[in-house]
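Here's the structure we're looking at; comments come further down.
The values are calculated or read from the model by the stated rules, or taken from the named source; none is laboratory data. Values in this document were obtained by computation on a predicted structure and should not be read as measured data. A quick note on method: Cβ atoms are made from the backbone with ideal geometry, for glycine too, and the neighbour counts reach across all protein chains shown. Heads up: the accessible areas ignore ligands, DNA and RNA and are worked out on the full protein's heavy atoms, side chains in. Shrake-Rupley method; radii C 1.70, N 1.55, O 1.52, S 1.80 Å.
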Amino acid sequence: MTRGSLFKICGIGLGVLLGLFVLLSLNFWLRARANFEQAETAYASGDVQLAVKYYDQTIRNYSLFNSYGRLAKERLLAIAADYEEAQNSRAALDTYQTLLSALSAVETGFSPNRAPIERLETRIATLREQVVR
């Protein structure tokens, strides 16, 4: 095997891997976008629980170049804050736990979720004490 043919094989292999990465990223992006749009529709129609479900799925379709996960995280935090403002600790707790689960599921060394996860764990612990009472 010559050096030129070795480089050609390596180049083809890298091209195939890059192609797979692009296809997977596109798939996650499209699924996240669809889930986010369904969540927005559900929220606009007043079905907050269905919206929470779709926001959760949006976050779980994480990829490096996907902004929908960040938007879904912000929406879930806003929904939980609205529940807290309305004195509905149980619904706020459920929403925070859903968000924590979704963020934990996609946490890698590359995602910016470590600090929000720690804050959510603290907030959930506080709300659990309120709900138990």
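Tell me, what % of the accessible area of region 16-121 is carbon and sulfur with a 1.4 angstrom probe? Result for region 16-121: 59 percent of the exposed heavy-atom area is carbon or sulfur. In a fully extended conformation the segment linking residue 45 and residue 65 would gain 4.3 nm over its present Cα-Cα distance, using 0.36 nm per residue. Counting only protein heavy atoms and a 1.4 Å probe, the chain has 64 square angstrom of accessible area per residue. Dividing the summed -39500 (n - 2.57) terms of all DSSP H runs of n ≥ 4 by the residue count of the chain sets its mean residue ellipticity at 222 nm at -29000 deg cm²/dmol. When you restrict to C-alpha pairs under 8 Å that are six or more residues apart and normalise by the size of the chain, the relative contact order lands at 18 percent.
Electrostatic tally near residue 113: other residues with Cβ closer than 9 Å to its Cβ, Lys and Arg +1, Asp and Glu -1, net +1. Calculate the length of the line joining the C-alpha centroid of region 4-65 to that of region 68-114, in whole Å. Value for the Cα centre distance between the two parts: 19 Å.
Exposure here means at most 10 other Cβ atoms within 10 Å; with chymotrypsin sites (Phe, Trp or Tyr not before Pro) in a DSSP loop as sites, the longest stretch of the chain lacking them is 1-64.
Against the set (i) -0.42, -0.96; (ii) -0.28, -0.96; (iii) -0.33, -0.97, the structure's computed log10 I(q)/I(0) by the Debye sum over Cα atoms at q = 0.10, 0.18 Å⁻¹ falls on (i). Extension gain, residue 25 to residue 132: 0.36 nm times the residue separation minus the Cα-Cα distance gives 34.3 nm.
Considering only 22, 120, 10, and ranking their Cα positions along the charge dipole of the chain that arises from unit charges at the beta-carbon of Lys, Arg, Asp and Glu, the one farthest toward the positive end is 10.
Placing +1 on each Lys and Arg Cβ and -1 on each Asp and Glu Cβ, with no other charges, gives the chain a dipole about its Cα centre of roughly 640 debye.
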